[in-house]
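Heads up: the structure comes next, in structure tokens.
Where a number appears in this text, it was derived from the coordinates with a stated rule and is not lab data. Just so we're clear, the structure is a prediction, and the values are computed from it rather than from any experiment. No Cβ is skipped: glycine too gets one built from the backbone with ideal geometry, and neighbour counts run over all protein chains shown.
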Amino acid sequence: MSLTALIGAYHESSDAGDGLRATLPLAGRTLIERQARLAGEAGARPIVVVVDGQPPELLAAFARLRAEGLDILVARNAAEAAKAVQPTDRILLMADGLLADDTQVERIVETEGASLLTVPDLRFDDRFERIDAESRWGGLAMIDGQTLKHTAAMLQDWDLQSTLLRRAVQGGARQIGLAGDPAKARLIVAETAGDLAELESSILEGASAYQSDWVSRYLLAPIEHLATRHLMPTAVNPTQLWLGVLLLIGGAGFALSRGWLWAGLALFLLATPLGGIGERLARLRMRGARPDGWLVRLTPFAAGAALVALSYTLFLLDGWGHLVLGATVIAFTAALNGEGRRTEIPGGILLAEPKGMAWLMLPFAIAGQWTIGLGALALYAAGSFFWAQYQVHHSPLKQD
């Protein structure tokens, strides 16, 4: 059985001039885009959006989603929505204007048969439809294609979303309570832009909390956070930022090969925040932590080439030992990446990687001790590898 998503996008916002709930702004895009990406990450294909008309903001949102590879189908009414699914399809129903956490979506998708998310009546207001004296609908449900087709055949002037909910309740759908503390749940049915303001800040903070290297997590966090906030409403995308990273690192390698050590290091350091901003922006737009894989996969090779250029220039200036140190850094870093692919390593954020090594080189460069700095990078890479190897193969925690 395939999974299809059904999202309503026909209710008007409560604020005059805000248009549809679906087009309310969220993290620089629209609410419908986040809903569709949540459904897409859960495995829904296609994603059917029920909408009476298509204002320009909605058309632009659909174009962006399709450009990302999501299968978006537009249905003008319940009958068209029913035609888009098979009777045996599992349908993830998402309420118009709902902003939900991916955890709640996963819980509904993983259940067998018909189900719906419920929230306590005392903690949630009338934007969440009442089911009984104690519970309201949390905006997520799992139904089947046959239920949608039967509902569409008898709908008349009734609201599709509400009617599907009532049929699910009457059919004995399993009720799944909200996971976690209701007061802290990132769950809301937005009727105005103000409803999303606080949650938008929470989403931005969440995107900043998962940086995988110590440079972005600690050293450059304020810069990356501020830049991400300003880039959210723009057309800038993670692909462009990662391309900028590669161009700057390529420029750094060229400068280092010409003996312009400070120019090369400066270009590499300028590249380091762009990757972190790209990762944050990708998380905000739910495009994964590492967007556009081929660009990201090229980055370590470009960094390695820059290190080779530095080692070669220092070799010309002061002897062959610099080539040995450069090769040592590359070898241990490659081995470390191999260990890191097997499992998550405790303390992994502190281990050697190109951004951290570039910033570690800075104080040695300021002191004019490039050779000692290269040696420090070799020790850092070697120590990181042996730590990872111990954690993967010999740690008592692993043995238990």
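Miscellaneous remarks
- Here the calculated FRET efficiency for Phe386 and Asp318, from their Cβ-Cβ distance with R0 = 30 Å, stands at 0.60, rounded to the nearest 0.05.
- Counting DSSP beta bridges with both ends in region 19-151, the antiparallel % (nearest 5): 75
- With a cut-off of 19 Å on the backbone N, the residues of region 124-145 near the modelled label site 7 Å out from Thr192 along Cα-Cβ are 124-128.
- Put the Cα centre of region 320-376 next to the Cα centre of region 15-46 and the gap is 42 Å.
- Here the chain has an Rg and Dmax of 25.9, 85 Å, counting Cα atoms alone.
- Three-way shape label, region 210-399, alpha-carbon gyration tensor, a/c 1.5: oblate
- Virtual spin-label span in nm between Leu247 and Ala331, 7 Å along Cα→Cβ: 3.7
- For region 191-291, the set of trypsin sites (Lys or Arg not before Pro) satisfying both a DSSP loop assignment and a count of at most 12 other C-beta atoms within 10 Å is given as Arg258.
- Modelled FRET efficiency - R0 25 Å, Leu270 with Thr371, Cβ distances, 0.05 increments: 0.55
- Shown is the FRET efficiency for Ser162 and Thr234, computed with R0 = 41 Å from the Cβ-Cβ distance and rounded to the nearest 0.05: 0.65.
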